[in-house]
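Worksheet for the structure shown next.
The values are calculated or read from the model by the stated rules, or taken from the named source; none is laboratory data. Predicted model only: the values in this text are computed from it and were never measured. Cβ atoms come from the backbone with ideal geometry, glycine included; neighbour counts cover every protein chain shown.
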Amino acid sequence: MLGVHSTAHYSQITNLTQASQLKPATMITEDLRTLTLVDWLENDLLLTIENLAPASSDASFRRYFRATTPDGTFIVMDAPPEKENISAFINIAELMAQANLNVPEIYRQNLLDGFLLLEDFGSLCFLDQLTSDTANSLYQSAFDNLFQQQSHVGLQNCGLPHYDHALLTRELGIFNDWFAKQLLDTDLPDGVWEATQAILVGSALEQPACCVHRDYHSRNLMVLEHDSPGIIDFQDAVIGPVTYDLVSLLRDCYIAWPEPRVEQWRNSYFQRLQQAGIISCDSAQFKRWFDLMGMQRHLKAIGIFARLHLRDGKSAYLNDIPRTLNYVSQVCSTYPELADFKHYLHTQVLPVYGLDS
């Protein structure tokens with residue numbers, strides 16, 4: 001099992017040959033932070049960097065690079081300290097590794113500048129491999145990992161924050177502030193919005209609590225040859241509702257499945273939780289929690305997609321809004337208490353995207 005701060009890998013890295021000069025075409029030198037990062041790799045860690053290239057895109061202020069050396073590849077995280085909490089990543093990596101979850105090993109860290117040298121899980125995520133034929137086997141590995149997380153990450157003295165009323169409400173506010181008001185310039189009546197928030201937040205808070213990854217979806221589960229999946233992007237983990245990560249996985253903002261298949265997966269996992277004594281509710285209650293938790297998450301995600309476009313110039317996420325809106329619409333049509341929000345959605349939002357109203 002992978003751990004954090006392995007002494008074997010520490011020795012491997014510190015004994016690497018002193019870095020040679022890079023040719024301009026083989027590295028990225030677009031800003032001062034990148035130059036500082038390269039200086040840390042070469043002069044502090046004594047790595048011979050043959051190539052440095054972007055490893056993945058991210059919806060936050062973090063950046064990831066893949067560093068190629070004569071001894072293999074590493075992932076380098078660039079997390080500006082004034083914008084990202086790199087200590088949370090380190091602490092949660094340790095917490096999850098202790099629970100035998102496969103998170104990237106942290107080889108070296110630079111807290112002052114916000115750099116980490118990490119194990120490279122490769123570039124193949126679940127989203128790249130998911131098809132109708134592969135879904136069952138891939139999701140089964142994700143369910144096994146999720147169950148390990150929910151049953152083996154202890155909540156006592158873990159240091160994780162609670163997914164409390166204030167945080168849930170603040171997240172929902174991203175939808176109203178960035179999507180409803182700024183992107184669409186629509187009128188979401190205060191009374192309707194307050195009632196909707198009360199339903200969603202109340203449902204979340206009444207659920208059994210466990211460790212919540214908070215971004216447990218197909219882009220953050222890496223396909224590995226051994227001990228798959230590899231888990232990334234876990235730095236926002238909290239103590240929160242038991243259905244949160246399950247609905248993140250099964251009603252993924254980046255890929256949608258027929259509802260009967262989602263129901264089958266959900267029911268199977270429900271039975272597993274029930275048999276383990278993690279939950280004691282019936283299947284109808286679990287479905288309601290699952291549905292309303294998904295709606296809370298999807299409203300937040302829609303707001304974040306709008307914010308990424310309007311504030312950060314990352315407009316590709318706009319393509320994921322229609323799929324995510326469809327999830328919200330389905331839940332609103334299932335629960336009569338959401339009728340007023342459904343009316344707003346179907347009269348002022350869905351027509352903008354050419355969705356059925």
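Listed here are the residues, each with its yes/no results for (1) part of a loop (DSSP other than H, G, I, E, B); (2) touching a residue at least 40 places away in the same chain (Cβ under 8 Å); (3) closer than 28 Å to LEU188 by Cβ; (4) not polar (S, T, N, Q).
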{"position": "ARG266", "(1), (2), (3), (4)": "no, no, no, yes"}
{"position": "LEU292", "(1), (2), (3), (4)": "no, yes, yes, yes"}
{"position": "MET295", "(1), (2), (3), (4)": "no, yes, yes, yes"}
{"position": "HIS346", "(1), (2), (3), (4)": "no, no, yes, yes"}
{"position": "PRO351", "(1), (2), (3), (4)": "no, no, yes, yes"}
Collect the residues in the range 211-226 that are touching a residue at least 24 places away in the same chain (Cβ under 8 Å) and farther than 17 Å from ALA135 by Cα, keeping them in residue-number order. CYS211, VAL212, HIS213, ARG214, ASP215
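Pick out the one residue from GLY191, GLY240 that is modelled with pLDDT of 95 or more and surrounded by 16 or more Cβ atoms within 10 Å (Cβ to Cβ). First the steps, then the outcome.
Details: GLY191 fails: surrounded by 16 or more Cβ atoms within 10 Å (Cβ to Cβ).
From the options GLY191, GLY240, the qualifying one is GLY240.
Would it be correct to say that SER228 is surrounded by fewer than 22 Cβ atoms within 10 Å (Cβ to Cβ), of a type in the set (Gly, Ala, Ser) and in contact with a strand residue (DSSP E or B) (Cβ under 8 Å, 6 or more places away or on another chain)? Let's see the steps before the verdict.
Details: surrounded by fewer than 22 Cβ atoms within 10 Å (Cβ to Cβ): yes; of a type in the set (Gly, Ala, Ser): yes; in contact with a strand residue (DSSP E or B) (Cβ under 8 Å, 6 or more places away or on another chain): yes.
The answer is yes for SER228.
Condition test on CYS332, is it modelled with pLDDT of 95 or more, in a loop (DSSP other than H, G, I, E, B) and surrounded by 15 or more Cβ atoms within 10 Å (Cβ to Cβ)?
In short, no.
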Which residues, taken from the range 113-168, are surrounded by fewer than 16 Cβ atoms within 10 Å (Cβ to Cβ), small (Gly, Ala, Ser) and more than 19 Å from ALA93 (Cα to Cα)? SER123, SER132, SER137, ALA166
Residue selected from the range 67-101 under the condition touching a residue at least 12 places away in the same chain (Cβ under 8 Å) and of a type in the set (Asp, Glu), by the criterion surrounded by the most Cβ atoms within 10 Å (Cβ to Cβ): ASP78
Write out, first by first residue and then by second, each pair whose Cβ atoms fall under 6 Å of each other, whose residues are 6+ apart or on separate chains, and whose first residue, in the range 316-330, is within 12 Å of LEU350 (Cα to Cα) and assigned by TED's automatic domain parsing to the domain that holds PHE341 while the second is assigned to a helix (DSSP H, G or I) and small (Gly, Ala, Ser). THR324/ALA301
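If we scan the range 304-313, do we find a residue that is more than 21 Å from ALA204 (Cα to Cα), small (Gly, Ala, Ser), assigned by TED's automatic domain parsing to the domain that holds ILE174 and free of Cβ contacts under 8 Å to residues at least 24 places away in the same chain?
yes
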Give me the pairs: first residue in the range 180-202 and closer than 26 Å to ARG311 by Cα, second residue surrounded by 12 or more Cβ atoms within 10 Å (Cβ to Cβ) and of a type in the set (Ser, Thr, Tyr), beta-carbon distance under 7 Å, and six or more apart or on different chains, which are they? ALA180/THR186; LEU188/TYR344; GLN197/THR169
Just for the range 71-89: of the residues that are out of contact with any strand residue (DSSP E or B) (no Cβ under 6 Å at 6 or more places or on another chain) and either among the hydroxyl-bearing types (Ser, Thr, Tyr) or not in a loop (DSSP other than H, G, I, E, B) (or both), which one is farthest from VAL223 (Cα to Cα)? SER87
Can you name the helices (runs of 4 or more DSSP H) wholly within the range 156-257 that have at least 2 residues being hydroxyl-bearing (Ser, Thr, Tyr) and over 20 Å from ARG62 (Cβ atoms)? 190-205
